[in-house]
Amino acid sequence: MTADRRDQAVRAALAQGLLTEDQPVAALLDVAGIRASARALRAAFAAVTDAPVLHAFAVKAAPLVPVVALLNEEGIGAEVASPGELALARAAGVRPGDTVLDSPAKTRAELAEALELGIAVNADNPQELARLDALRAAADNPSAPIGIRVNAQVGGGTIGALSTATATSKFGIALRDEGARRAVVRMCLDRPWVTRLHTHSGSQGIPLERMIEGIREVYGLAEEINAAAGRRQIDTIDIGGGLPVNFASDDHTPSFAEYAALLRMRVPGLLDGRYGLVTEFGRSLLAKNGLILARVEYTKVSGGRPIAVTHAGVQVATRTVYDPASWPLRIAAYDGKGLPKAGEPVVQDVAGPACFAGDLLAEGRALPPLEPGDVVAALDTGAYYFSNHYGYNSLPRPGVYGFSSPAGEGAADGREETVFAPVRAPQTVAEIVAESGGELAGALLRGE
């Protein structure tokens, strides 16, 4: 999203009443930007392999049905990790054959549903494989692709909580543990219906070379299994997602094309047409295509530090608030009409509304002087921010709106008119009460 496009969207959002005193937080998604990201992903892999590739969007990055439907229209399937995410994908129209089920804690019911629908399953551990043995034996004609998730144990990145290929990661079968590699080969040879391997080396903070090292390990394992089987038993490799996002500027770096080219250089056999591929990108598809707007309610000075108190904090930017060093956000400042703020930058804090001192969107940030009624925009928040609400202080979920600029419809200032489509309605106070047991107010009272 360019600065000009962002500024136009902010101005239009305020003019069209998406941000008000009653609704002081709103999230925006760039529809054209999301389409462009999806097309860039598909083009990047089409340029390096002729093999079939399923790009499955990691639904956890934005569990919003209209977003999943938009990506589905662009040829992107869904990677799901819970019954809720599967329900969202199905509501969005994603076909079972374009869906992948991952989770370290799948129940028998989840596995049975996936087998019945024909959804690909990546088994996390030997116990899950044993469940699949029994479920497949009881099924009429099981056709769902089955894979095994392995932890290549190539190491972590700068954000420990997102490093899934460490020695002790909870995900998959640890490939470098004593005897584990032989055990995985045996598991596959004993189950001719296991036709896939899956790995995912992490997310934000993982260097590309480390991600590719994990993929190279799993490719080597596939070659070993196929040699032992005397046939191409493993026909698909799920390489996960995890492409990091640049949160420091508007640049889309690293790009999907850069990643695919490096993958071709480091693991050429993976892309020579013998293996189908699955990817599971989330953040890298959406982060740069979203922003959160919040009204400034008050400004004050404490200890000589100016503070702008806004309505967006931990409820939308949970990771940033609790781990600001790992998840810093760029902040843009606008006046009450949505015009970029002018003035000599002043070092100030941008605070949220929650009742604890650490609820800060940005600390010690040089911005034009903010005033009550101004608007701040938290940039690069299209993934994991407005979609995974944190209900601290019973703060409501903000409305989410997709924006586009239809060709040929000019506004009075010569710019194309910005049109908004609701993605998720703002949560009401009545809905918060209902969610919190409002109809059960007397449930714990004596005599009730």
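Table for the structure above
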{"quantity": "Any hit, the range 304-317, residues being hydroxyl-bearing (Ser, Thr, Tyr), at pLDDT 95 or above and assigned to a loop (DSSP other than H, G, I, E, B)", "calculated": "no"}
{"quantity": "Any hit, the range 364-383, residues being crowded, with 24+ Cβ neighbours inside 10 Å, closer than 24 Å to Pro244 by Cβ and of a type in the set (Val, Ile, Thr)", "calculated": "yes"}
{"quantity": "Subset tally (residues that are crowded, with 23+ Cβ neighbours inside 10 Å, more than 28 Å from the chain's Cα centre (by Cα) and within 30 Å of Ile237 (Cα to Cα)) for the range 264-319", "calculated": "0"}
{"quantity": "Selection count, the range 5-48, where residues are without any contact (Cβ under 8 Å) to a residue 24 or more places away in the chain and not assigned by TED's automatic domain parsing to the domain that holds Ile292", "calculated": "2"}
{"quantity": "Options Lys337, Lys341: the member that is out of contact with any strand residue (DSSP E or B) (no Cβ under 7 Å at 6 or more places or on another chain) and basic (Lys, Arg)", "calculated": "Lys337"}
{"quantity": "Single match in Thr299, Thr320 (criterion: under 21 Å from Tyr385 (Cβ atoms) and not in a loop (DSSP other than H, G, I, E, B))", "calculated": "Thr320"}
{"quantity": "Filter result for Asp374 (at pLDDT 95 or above and touching a helix residue (DSSP H, G or I) at 6+ places or on another chain (Cβ under 9 Å))", "calculated": "no"}
{"quantity": "Residue pairs meeting the criteria (Cβ under 9 Å; at least 6 apart or on separate chains; first over 12 Å from Asp335 (Cβ atoms), in the range 366-382; second acidic (Asp, Glu) and not in a loop (DSSP other than H, G, I, E, B))", "calculated": "Gly382/Asp30"}
{"quantity": "Sole exception among (1) outside the structural domain of Glu223 (by TED's automatic domain parsing); (2) among the aromatic types (Phe, Trp, Tyr); (3) in contact with a Leu (Cβ under 6 Å, 6 or more places away or on another chain) for Phe256, by number", "calculated": "(1)"}
{"quantity": "Within the range 150-176, considering residues that are touching a helix residue (DSSP H, G or I) at 6+ places or on another chain (Cβ under 9 Å), at pLDDT 65 or above and not polar (S, T, N, Q), the one surrounded by the fewest Cβ atoms within 10 Å (Cβ to Cβ)", "calculated": "Arg176"}
{"quantity": "Residues that are of a type in the set (Gly, Ala, Ser) and within 13 Å of Val53 (Cβ to Cβ), drawn from the range 242-285", "calculated": "Ala260, Gly273, Gly276"}
{"quantity": "Any chance Val321 is without any contact (Cβ under 8 Å) to a residue 60 or more places away in the chain and under 13 Å from Ala308 (Cα atoms)", "calculated": "no"}
{"quantity": "First in the range 180-208 and within 30 Å of Trp327 (Cα to Cα), second anywhere and of a type in the set (Asp, Glu), Cβ under 6 Å, 6 or more apart", "calculated": "His198/Asp238"}
{"quantity": "Qualifying residue in the range 344-356 (condition: part of a helix (DSSP H, G or I), modelled with pLDDT of 95 or more and of a type in the set (Gly, Ala, Ser))", "calculated": "no"}
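Okay, residues lined up against (1) assigned to a helix (DSSP H, G or I); (2) loosely packed, with under 14 Cβ neighbours inside 10 Å; (3) over 17 Å from the mean Cα position of the chain (by Cα):
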site: Gln233; (1), (2), (3): no, no, yes
site: Gly241; (1), (2), (3): no, no, no
site: Ala248; (1), (2), (3): no, yes, yes
site: Thr253; (1), (2), (3): no, yes, no
site: Leu262; (1), (2), (3): yes, no, yes
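A quick yes/no check of all residues on (1) closer than 30 Å to Arg216 by Cβ; (2) in contact with a Gly (Cβ under 6 Å, 6 or more places away or on another chain):
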position	(1), (2)
Val100	yes, no
Ala114	yes, no
Leu129	yes, no
Ala134	no, no
Ala139	no, no
Ala144	yes, yes
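The values are calculated or read from the model by the stated rules, or taken from the named source; none is laboratory data. Not measured: the values here are computed from a predicted model. Cβ coordinates were reconstructed from backbone atoms using ideal geometry, including for glycine residues, and neighbour counts include every protein chain displayed.
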